[in-house]
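All remarks here apply to the structure that follows.
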Amino acid sequence: MSNSSLFDYLYKVSFLSERIANRILEKTLVTDLCRIINEQYLHTIGVNFYVRDMVIQDKKTKVQLWFLNNHPRFSYVNPLYFKGSSSFLIAFNTNNGNALQSLERDIEGIYEFGKNIPVYFLGIEISPSKMREIIDEIIEESKEDEGDEEEKEFKFLECEYQEVIDSKKLEDQEISDFLKNIKTKYDELDCNYFKVEENSYENFLNIFDELVEELIRLEG
């Protein structure tokens, strides 16, 4: 809980998600209610920062949103940004049958950082056509800065897109079994699962409110 007179609670939520999933969450959460703070801080590799001011249970709550880049080349630096995290949110595409395989690395890093920090898994339905739309947006926005690193990023996104084309959709039972195994392997990890359908991305706002309410409850 904060001692500041400007707000009652201050939390840091770190997002560790596929690039496309992160993009959707950013576009959903980052509205005029958010104050973009990138311009006020030095550029940090592999992270997008935002602050969301909320009123939860009549309490003024400030939430720092840290969107970490889940590209493999940032895997070495992401754990450095875990410090101060109140919770982690890991989003994945339920249309990608291979999505769960890549989550273990992130979970292991989180577990080593802090066993009792809440972890929220978010299954997002992202169709190939929606992925194509977002990838094209990213490429268009990055044209002026295009270089070797951007080229690698584009290739990575195209591989992610092709993976969805070639794989089957994740079944609910597969996800349930995965989470059960995670809870068994990392016995002290506090994890929860939410699902968002493709035409209902705005529902994530309600899920995010629930997440913050839970953080307030845990603080007691």
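The values are calculated or read from the model by the stated rules, or taken from the named source; none is laboratory data. Here the structure is a predicted model, which is why all the values come from computation and not from measurement. Here the Cβ positions follow ideal geometry from the backbone for every residue, glycine too, while neighbour counts run over all protein chains shown.
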Counting just the residues of region 73-102 that are closer than 17 Å to Ile175 by Cβ and aliphatic (A, V, I, L, M), which one comes out surrounded by the fewest Cβ atoms within 10 Å (Cβ to Cβ)?
Leu100
In region 20-52, which residue that is part of a helix (DSSP H, G or I) and crowded, with 18+ Cβ neighbours inside 10 Å is modelled with the lowest pLDDT?
Leu29
Residue, surrounded by the fewest Cβ atoms within 10 Å (Cβ to Cβ), within region 103-136, restricted to residues that are farther than 30 Å from Glu219 by Cβ and free of Cβ contacts under 8 Å to residues at least 40 places away in the same chain
Ser129
Over region 178-206, the set of residues in a loop (DSSP other than H, G, I, E, B) and under 25 Å from Met54 (Cβ atoms) is Asp190, Glu197, Tyr201, Glu202
Name the residue that is farthest from the chain's Cα centre (by Cα), counting only residues in region 113-137 that are closer than 19 Å to Thr28 by Cβ and among the small types (Gly, Ala, Ser).
Ser129
Being closer than 23 Å to Ile138 by Cα, outside any helix (DSSP H, G or I), hydrophobic (A, V, I, L, M, F, W, C) and modelled with pLDDT of 75 or more is the requirement here; does Phe67 meet it?
yes
Go over the candidates Ile134, Ile175, Ile216, Ile139 one by one and state the one that is in contact with a Gly (Cβ under 7 Å, 6 or more places away or on another chain) and either assigned to a helix (DSSP H, G or I) or within 22 Å of Tyr76 (Cβ to Cβ) (or both).
Ile175
Which of the residues spanning region 126-166 are among the charged types (D, E, K, R) and modelled with pLDDT of 80 or more?
Lys130, Arg132, Glu133, Asp136, Glu137, Glu140, Lys155, Glu158, Glu160, Glu163, Asp166
Residues of region 158-189 being in contact with a strand residue (DSSP E or B) (Cβ under 7 Å, 6 or more places away or on another chain) and surrounded by fewer than 16 Cβ atoms within 10 Å (Cβ to Cβ), which ones?
Leu179, Lys183
